[in-house]
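Okay, so here's the structure we're looking at.
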Amino acid sequence: LPWLKNALIKAFIKRFNVDMREALSEDINTYPSFNEFFTRPLKDNARPIGKGIVSPADGTLSQFGGIRAGQLVQAKGYTFSAQTLLGGDASLAEAFLGGSFATVYLSPKDYHRVHMPMTGTLREMIYVPGRLFSVNQATANYVPGLFARNERLVCIFDTERGPMAVVLVGAMIVAAIETVWAGQITPLAGTPQRTRFDQPITLEKGAEMGRFKLGSTVVMCFAEPLAFDDWAANSKIRMGQAL
C-alpha cells in the first residue's frame, strides 16, 4: 500500500532525523517497500574508504581492544567469550587468542549495509540461533553475554593478515540478515548450522557483504593485535573510516 508505506517512511525519517541527501534516491516514492528504504544504497563516494582496516558500517564504535584470555569486552563490567560468539568451536576461537576485536552498533537512523573491513576470501558461514534482545548501549550495559546470546551469522574470512570473523548480530525487530553470497538467511532452530565454501568467494575491502533489515550490531575479530589509537569507546563512526 504505497500511501501507508510512504507515511511510515516519512514518520521514520522525522523521528530518527535520517539524512536522505546521502541516499542514492532521495525520493521516498521510488522505494517499493519500507525495507527497501531501510536498506537504501548511498550515493557513489558517500563513504570514502580509508587506509588499513576500516569500519564495516555506520554507527557507534561501542567497544574495541585485545581479546584477552579468550574474552571480548561487551560493556563496563561485562565480557563474553570468543568461543561462544563464534558458535562454540574452540579450535576456531583459538585462532583469535591474543588478537583484537571491534564492535559497531547500528542505530535505526544509520545506513544498514555492512561492508568488508579488509579484503578477504570467505571460508565458512555459521548461523547461530539465539535470542533477539535489543542491542543498544542501555541493554549492553545490563544483559550479560548479550552478543553471544542473540541470533547471529558468523562469517569467517581468510585475509593477508590472518583469519577475520565478521559477526552480524540479530536484535529485536530485525526482520532478516542478508549476505551478498547467500541472500536472506532463514532463521533456524536448534544447533549452529555451518556452511563451508570450497569455491572461493573473495570480496574486496569496502565491498558490500550483507545488510540488516532493521538495526543491529557487527562484531569483528582479528587474529593480530591492533592499535586503535585514534578512537575512544562509544565514538560515532562511518563505514570506510580507518580503524
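The values are calculated or read from the model by the stated rules, or taken from the named source; none is laboratory data. For clarity, every value in this text was computed on a predicted model and none was experimentally measured. Cβ placement follows ideal geometry from the backbone for every residue including glycine, while neighbour counts extend to all protein chains displayed. Surface accessibility is based on the protein's heavy atoms, side chains included, excluding ligands, DNA and RNA. Shrake-Rupley method; radii C 1.70, N 1.55, O 1.52, S 1.80 Å.
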### Message
Gly50 - would you say it is in a loop (DSSP other than H, G, I, E, B) and either of a type in the set (Phe, Trp, Tyr) or in contact (Cβ under 8 Å) with a residue 12 or more places away in the chain (or both)?
### Response
yes
#### Entry: Residue satisfying condition, being more than 30 Å from Arg21 (Cα to Cα), over 17 Å from the mean Cα position of the chain (by Cα) and at pLDDT 95 or above, within set Gly88, Gly162
Gly162
### Query
Can you find a residue in region 21-33 that is open to solvent by less than 10 Å² (accessible area, probe 1.4 Å), out of contact with any Pro (no Cβ under 6 Å at 6 or more places or on another chain) and under 13 Å from Cys221 (Cβ atoms)?
no
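Taking the condition of being part of a loop (DSSP other than H, G, I, E, B) and surrounded by fewer than 18 Cβ atoms within 10 Å (Cβ to Cβ), how many residues in region 53-66 meet it?
0
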#### Entry: Positions within region 192-243 being open to solvent by 70 Å² or more (accessible area, probe 1.4 Å), of a type in the set (D, E, K, R), outside any strand (DSSP E or B) and modelled with pLDDT of 95 or more, in sequence order
Glu204, Arg238
### Message
Taking the conditions exactly as written (open to solvent by 20 Å² or more (accessible area, probe 1.4 Å), closer than 25 Å to Asp158 by Cβ and touching a strand residue (DSSP E or B) at 6+ places or on another chain (Cβ under 8 Å)), does Thr119 satisfy them or not?
### Response
yes
### Task
Scan region 5-20 residue by residue and report those that are open to solvent by 70 Å² or more (accessible area, probe 1.4 Å) and among the aliphatic types (A, V, I, L, M).
Leu8
### Summary
Exception for Ala69 within (1) under 23 Å from Met118 (Cα atoms); (2) surrounded by fewer than 17 Cβ atoms within 10 Å (Cβ to Cβ); (3) of a type outside the set (Ser, Thr, Tyr) falls at (1)
### Query
What is the number of the single condition among (1) open to solvent by less than 20 Å² (accessible area, probe 1.4 Å); (2) of a type outside the set (Val, Ile, Thr); (3) outside any loop (DSSP other than H, G, I, E, B); (4) touching a strand residue (DSSP E or B) at 6+ places or on another chain (Cβ under 8 Å) that Phe37 does not meet?
(4)
### Query
So Glu26 fits all but one of (1) closer than 20 Å to Asn234 by Cα; (2) at pLDDT 95 or above; (3) part of a loop (DSSP other than H, G, I, E, B); (4) not aromatic (Phe, Trp, Tyr); what number is the exception?
(1)
### Task
Would you confirm whether any residue within region 143-151 is out of contact with any helix residue (DSSP H, G or I) (no Cβ under 6 Å at 6 or more places or on another chain), modelled with pLDDT of 70 or more, open to solvent by less than 20 Å² (accessible area, probe 1.4 Å) and over 24 Å from Gly50 (Cβ atoms)?
yes
### Message
What are the pairs with Cβ atoms under 9 angstrom where one residue, in region 220-234, is without any contact (Cβ under 8 Å) to a residue 40 or more places away in the chain and small (Gly, Ala, Ser) and the other, located anywhere, is open to solvent by less than 80 Å² (accessible area, probe 1.4 Å) and not in a loop (DSSP other than H, G, I, E, B)? Sequence gap at least six, or different chains.
### Response
Ala227/Ser100; Ala232/Leu61
